[in-house]
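Below is one structure, written out as structure tokens; comments come after it.
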Amino acid sequence: MIRLAGLALVLLMLTLRPLWAQPEPLPGQDDPAFTAALDDWLADDEAAALPAFAELAQQDNGAARLLLALIDKSPELQGPWLSSRTRADRIALMRAPGGMSGQSWIHPLAETSPLAAAWQSLWNVDAPLSLITDFAAMGEDRAARAAVAVLAARERRGFAALDGSPGYPDGLRYFIWREWVNEPGHLARLTDAVLSLAPGDPQRVMMGETVAPEAYGDWLMSAPEAGAVAGFCAARCPQTARACALAAAEALGDPLLVMIQGSPAETLIPSPEFTESPRGQAALLRRVLLGASTRMRPAMLSRAATRDSCFADALAAEAARY
């Protein structure tokens, strides 16, 4: 049932995607054993899913290798069952044999999979900016946004050269515009770009403007980049979805964190499907919790409760699982 939820929305999104950005299936993606394990994982049954993924990865299943590598690299994708395993058990489950701590499955997979090669490159400190549009060309829009966030955090320059590139995320054009400030002849273009933004677009905040909460709420409930937050709140807090979205965005803190939530691999799991699943919803809550130490969590929960009690209750329940 989980994988059928939101099918109409998934199909609509796929029909709207440019023809050049079609995901290329991974080896083993259609294996019934993999799809069964994926259903278990989306249902948040790690005890059933992760050993099955590990066995499939040992059998050269590329889809299982990619998903294990991404889970291993992303703490928010690691639920309480995995977190409670011993170090040795975690290495055996999540990694390929080799060395004292095993090695990521991304390395052998990158030899044959362009998507895995892109992730492997992004995890290296000298990753090129071209990875942003490489991900988009493979139908991995969330990964493209994540690449922008990672490369910007490394203080990389050269985003302006990507202006007009197909697939560059519209919601993160700020990183192009900020380089225009220091380039002659771009002032008029920069002014036009800012004026074209929706009143609640957080790119205005990045550029030093003030955005009203009402306008930000409009953006959260409608922007594709905020789909994970809006989808979570529509599913878990339908009576207070707008207040929930504002509470979740505030708890995440940085607008970039709002924009990079979603499916770890849209080639395997379209983001709307991931967002509607128990694992996807747990991942969003876990990302919030990881932003504060255990000592600071009571204050975080208290602030969330003043914004939306439904979101605060969901956050407290997720914290209790660990």
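The values are calculated or read from the model by the stated rules, or taken from the named source; none is laboratory data. Predicted model only: the values in this text are computed from it and were never measured. Cβ sites come from the backbone with ideal geometry, for glycine too, and all protein chains shown count toward neighbours. Ligands, DNA and RNA are excluded from the accessible area calculation, which covers all protein heavy atoms including side chains. Shrake-Rupley method; radii C 1.70, N 1.55, O 1.52, S 1.80 Å.
Data table
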item	result
Subset of the stretch 95-147 that is of a type in the set (D, E, K, R) and open to solvent by 20 Å² or more (accessible area, probe 1.4 Å) - its residue that is nearest to the chain's Cα centre (by Cα)	ARG142
Qualifying residue in the stretch 257-271 (condition: of a type outside the set (Asp, Glu) and farther than 28 Å from LEU38 by Cα)	no
Inter-residue pairs, beta-carbon under 7 Å, first free of Cβ contacts under 8 Å to residues at least 12 places away in the same chain and in the stretch 32-58, second in a helix (DSSP H, G or I) and open to solvent by 40 Å² or more (accessible area, probe 1.4 Å), 6+ apart	ALA48/ASP40
Residues being open to solvent by 50 Å² or more (accessible area, probe 1.4 Å) and of a type outside the set (Gly, Ala, Ser) - total across the stretch 151-162	4
Cβ pairs under 6 Å, 6+ apart, first in the stretch 166-185 and in contact (Cβ under 8 Å) with a residue 12 or more places away in the chain, second of a type in the set (Gly, Ala, Ser)	GLY167/ALA136; GLY167/ALA137; PRO169/ALA144; PHE175/ALA152; ILE176/ALA160; TRP177/ALA193; GLU179/ALA160
Tally, over the stretch 187-207, of residues that are under 25 Å from the mean Cα position of the chain (by Cα) and more than 20 Å from GLN261 (Cβ to Cβ)	4
Boolean, PRO238 is surrounded by fewer than 22 Cβ atoms within 10 Å (Cβ to Cβ) and under 14 Å from PRO272 (Cα atoms)	no
Out of LEU93, LEU38, LEU50, sole residue that is under 27 Å from LEU131 (Cβ atoms) and in a helix (DSSP H, G or I)	LEU38
Filtered residue count, the stretch 164-186, keeping only those that are outside any helix (DSSP H, G or I), surrounded by 12 or more Cβ atoms within 10 Å (Cβ to Cβ) and within 26 Å of the chain's Cα centre (by Cα)	5
One residue from ARG242, ARG189 being of a type in the set (Lys, Arg), assigned to a helix (DSSP H, G or I) and under 30 Å from LEU301 (Cα atoms)	ARG242
Failed condition for SER121, given (1) of a type in the set (Ser, Thr, Tyr); (2) in contact with a Leu (Cβ under 8 Å, 6 or more places away or on another chain); (3) part of a loop (DSSP other than H, G, I, E, B)	(3)
Selection from the stretch 192-207 of residues that are at pLDDT below 90 and open to solvent by 70 Å² or more (accessible area, probe 1.4 Å)	ASP192, LEU195, SER196, VAL205
Filtered residue count, the stretch 107-126, keeping only those that are closer than 24 Å to ARG156 by Cα and of a type in the set (Val, Ile, Thr)	1
Candidates ALA282, ALA251, ALA265, filtered to the one that is under 30 Å from ARG173 (Cα atoms) and part of a loop (DSSP other than H, G, I, E, B)	ALA265
Residue match in the stretch 133-151 (condition: of a type in the set (A, V, I, L, M, F, W, C), in a helix (DSSP H, G or I), at pLDDT 95 or above and farther than 29 Å from ASP44 by Cα)	yes
Qualifying residue in the stretch 299-309 (condition: charged (D, E, K, R), in contact with a Cys (Cβ under 6 Å, 6 or more places away or on another chain) and open to solvent by less than 20 Å² (accessible area, probe 1.4 Å))	yes
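Results for (1) crowded, with 20+ Cβ neighbours inside 10 Å; (2) at pLDDT 95 or above, shown as yes or no for each residue.
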residue	(1), (2)
ILE2	no, no
GLY6	yes, no
THR15	no, no
PRO18	no, no
LEU42	yes, yes
LEU56	yes, yes
ASP60	no, yes
ARG85	no, yes
